Amino acid sequence: MSALRVRSSRRLLRQLLSTAAMNRRYTLDVAAPLLRTQSYVDGRWVSAASDFPVVDPCTGQEIVRVSNCGPRRRPDGRGGRVRSQLLRRWFDLLVLHQEDLAKLITFECGKPMREAVGEILYSASFLEWFSEEARRVEGDIIASPFKDRKILFLKQPVGVATIITPWNFPSAMITRKVGAALAAGCTVVVKPAEDTPLSALALAELAEQAGIPPGVFNVVPCSRENTPTVGEVLCTDPLVAKISFTGSTATGKLLLKMAA
């Protein structure tokens, strides 16, 4: 899907929901604990040299301004049992704060509140699933062609994973990718869509509360103008071992070319 078609679909969504927005019975508290506007890097909330606006697609009004990361900007080894416990705590926090998280989705993405709550529960289900899978990241010993030898298989984390997600599922697309990476023992850098960074930053806040170590889960929001340079760094940095992307075919081909 091209950028033009994405913007057109957002304009159509804004028109369809404009009446509903006028009748909202709730407001977004810009001082709410889960509403973060800085990037989350190495366990710290970091401000950038500039920021960019997050716009309510229903009203066209600016909600807040978020750190606009640029191209500049250690894994903490944990066993499978510990990783499982951390993911489970993160899951519990998502369920506990489902209404606040859903409200962020509604304001930055334009989804009705009921659908937004559904997405949060869907998001949490990935963390619940992978919290159990983390216990089962095991190797194996199999027979070899030689009678006096056996073959030992070990499963090890590959390293840093780049996670690039779209605007239409700003929470679920993150947890389904990050949950798998963390269960395997990898660290991640999430680049959320420029239209919906608030959900990703709220997930980072809850990850920190869950006890996920600094540097394991990182979020680097940026504007549409900075996306090409940030994306290039996230694809070409020698520390990055895996890239997980959901979005248009054209962008996917570009990322594949840069990562080659």
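The numbers here are math on the coordinates, done by the rules we state, and not lab data. Remember, predicted model here, so these are calculated numbers, not experimental data. Every residue, glycine among them, receives a Cβ derived from its backbone with ideal geometry; neighbour counts consider all protein chains shown.
Here are a few things to note about the model shown:
- Bridge type composition, the chain - antiparallel percent by DSSP, nearest 5: 50
- Neighbours of T227, meaning other residues whose beta-carbon lies under 9 angstrom from its beta-carbon, give a summed charge of 0 when Lys and Arg score +1 and Asp and Glu score -1.
- The modelled label-to-label distance for the pair M113/V137, using points 7 Å beyond Cα in the direction of Cβ, is 3.9 nm.
- Radius 10 Å from Cβ of A161, net charge of other residues (Lys, Arg +1; Asp, Glu -1): +2
- Label point distance in nm, L254-L152, each placed 7 Å from Cα along Cα→Cβ: 4.6
- When the helices of the chain are scored as -39500 (n - 2.57) per DSSP H run of n ≥ 4 and the total is divided over every residue, the value at 222 nm lands at -15000 deg cm²/dmol.
- Checked against a 19 Å cut-off, the cross-linked pairs K111/K177; K191/K253; K177/K242 give Cα-Cα distances beyond that limit for K111/K177.
- Less than 5 angstrom separates the built amide H of S39 from those of V46, A48, S67, all sequence-distant by 5 or more or on a different chain.
- Convex hull volume of the Cα atoms of the chain, normalised per residue: 138 Å³.
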